[in-house]
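The values are calculated or read from the model by the stated rules, or taken from the named source; none is laboratory data. All figures in this text were calculated on a predicted structure; none of them were measured in a lab. Quick reminder, even Gly has a Cβ in these numbers, built from the backbone with ideal geometry, and neighbours come from all protein chains shown.
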Amino acid sequence: MTAPHEEMACQTCLSPLNTLGMPPTYVHPTHLATDGHKPAPVPVSQLDTVRRTCDFCGDPYPIWTMHGGEVTAIAIGPTAGLVQDFGDSWAACAACQTHIDEGRNDIVIDRAIRALGLANHPHVRTRIEELHQAFLNARLAGRTLITTTTWPATTITATALPKVRDRLTRFYRGTDNLPATLGITDTRQQIADGLERSHLYWIDNDFTDLAEHAAAQLPAVRVSRDLIPSTDGILIWPRPVTHLQLTAASWADTPHGRAVVLYRTIGGGLHGKPLQRLREQVGWLAPTRATHLSEQQVIPGDHPAAALVATWLLIAQQAAEVTTARVDKTIARTYARTNRPVPELRIVHIRGRRTTGSHGEPKRGSQERSQTSRFWVSGHWRNQAHGPGRSLRRPVYIHPFLRGPDDAPIKLSTTVRMLSSHQPKPQDGQ
């Protein structure tokens, strides 16, 4: 629960902190089980993940921030009093938000009592109801999407991508708020416009493995129009990638530059009406990072969008094979009813390995002929000349390859992970 000043969380366990007394002292919530570490307060705006819980029932996957009455609890003991500030902004899970919207606060209180394991204490329900009503009786209109919750991963299939894109577009055009720290409050309509124009890309599992491996060692990259596969687009990885646990990215041309938004999936583990409401009101994706990329801007290798940039680079260097697929029939009928053309869905695979070319395996020379064994060279980036007069440089990813004479034995001391869309055929004697 938040205080009127900037909300703080513990950098060690990523849990929001409560305040005690004046001047405020930051403490872990009393219900939170920790390993005994002291709070290490940092502003939540500096964190990609905050392990907050629903302030009504304790559910670990809150989705909305609601604004209401300022709640302060005072406990008076024999020798002193304790003041705990619960703030005027509370986090709500999808289930509690649904019940509150339906006027069923009694169900919300039941959820809180079950979570606390205090159903046999007769006065608990009254005290919880007093806290909830102190907040809800002064509830303000509007709510803000919580984008720092790490939900269980939800797999988005390629055929569902048009529906996912449309639901996300509708959310951007809606009235629910986004956190100001994302920095896209003033451009959400332009992002929605870009999503409506966007090309749809679904990355297959093997190509995702390759992109994530390449992103981990990505050098600085200069962004240019010819690097990006389309002016506007949305791209889905089939599983979360990098430490940010990203599942999707979108980009759109806006008057402020190219807006890039990174997403996590939401709703994993929900069922019934709460899941249905969440899919209708938000969809499958929640933005977690946003940035604007200008033409010729240099992106460092540790940039939050590194996985997206690495995927762009691999597609640009023709490491990818892009095929089209039919969208789900139900989605196609929905587009037909609204007189919209059915979107073209692009599936991105790893291109079949080349037998010759300039992007990977070195030419055999005297040095290679003098070697008595073969060994694996791991995948890596290399700057390659391109552009007018080959005066520009762009990173090109070199796939793992064997160096050494064809008839020499392979050193067994090196391990390499080969990424391919096809299983290799076993050779004789293996």
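Go through the residues of the range 262-275 one by one and say whether even a single one is surrounded by fewer than 15 Cβ atoms within 10 Å (Cβ to Cβ) and part of a strand (DSSP E or B).
Checked against the condition, which is being surrounded by fewer than 15 Cβ atoms within 10 Å (Cβ to Cβ) and part of a strand (DSSP E or B), the range 262-275 yields no hits at all.
Mind checking which residues of the range 48-65 are surrounded by 21 or more Cβ atoms within 10 Å (Cβ to Cβ), out of contact with any helix residue (DSSP H, G or I) (no Cβ under 6 Å at 6 or more places or on another chain) and farther than 20 Å from Arg279 by Cβ?
Those that are surrounded by 21 or more Cβ atoms within 10 Å (Cβ to Cβ), out of contact with any helix residue (DSSP H, G or I) (no Cβ under 6 Å at 6 or more places or on another chain) and farther than 20 Å from Arg279 by Cβ: Arg52, Thr53, Asp55.
Step by step: first the residues of the range 303-318, then only those that are outside any helix (DSSP H, G or I), at pLDDT 90 or above and not hydrophobic (A, V, I, L, M, F, W, C), then the one that is nearest to the chain's Cα centre (by Cα). Which residue is that? Lay out the reasoning, then the answer.
At the first step, the residues of the range 303-318 found to be outside any helix (DSSP H, G or I) are 303-305, 317-318.
Add one more test, that the residue is at pLDDT 90 or above, and what stays is 303-305.
Pick out the ones that are also not hydrophobic (A, V, I, L, M, F, W, C) and you get 303-304.
On the way: His303: 14, Pro304: 10 Å.
For the range 303-318, the residue satisfying everything is Pro304.
In the range 91-100, is there at least one residue being over 33 Å from the mean Cα position of the chain (by Cα) and either crowded, with 21+ Cβ neighbours inside 10 Å or not aromatic (Phe, Trp, Tyr) (or both)? Walk me through it before giving the result.
Within the range 91-100, the subset over 33 Å from the mean Cα position of the chain (by Cα) is none.
No, that holds for no residue.
Scan Val83, Val71, Val124 and give me the residue that is at pLDDT below 90, buried (at least 20 other Cβ atoms within 10 Å of the Cβ) and more than 30 Å from Thr265 (Cα to Cα). Don't jump to the end; show me each part of the working.
Details: Val83 fails: buried (at least 20 other Cβ atoms within 10 Å of the Cβ); Val124 fails: buried (at least 20 other Cβ atoms within 10 Å of the Cβ).
Just one listed residue meets the conditions, Val71.
Say we look at the range 140-183 and pick out the residues that are buried (at least 16 other Cβ atoms within 10 Å of the Cβ) and basic (Lys, Arg); which of these is farthest from Ile203 (Cα to Cα)?
Arg143
How many residues are in a loop (DSSP other than H, G, I, E, B) and among the small types (Gly, Ala, Ser) if we restrict to the range 121-168? Show your work before the answer.
The initial filter retains those residues of the range 121-168 that are in a loop (DSSP other than H, G, I, E, B), namely 121-123, 137-142, 146-157.
Checking which are among the small types (Gly, Ala, Ser) leaves us with 138, 141-142, 153.
The number of residues fulfilling the criteria is 4.
Please determine, by comparing only the residues of the range 185-232 that are without any contact (Cβ under 8 Å) to a residue 40 or more places away in the chain and not in a loop (DSSP other than H, G, I, E, B), which one is nearest to Gln384 (Cα to Cα).
Thr208
Write out, first by first residue and then by second, each pair whose Cβ atoms fall under 7 Å of each other, whose residues are 6+ apart or on separate chains, and whose first residue, in the range 87-108, is in a strand (DSSP E or B) while the second is of a type in the set (Gly, Ala, Ser).
That search, which allows pairs on different chains as well, returns Gly87/Ala3; Asp88/Gly68; Asp88/Gly69; Trp90/Gly68.
Return only the number of the condition from (1) in a loop (DSSP other than H, G, I, E, B); (2) in contact with a helix residue (DSSP H, G or I) (Cβ under 9 Å, 6 or more places away or on another chain) that Thr181 does not satisfy.
(1)
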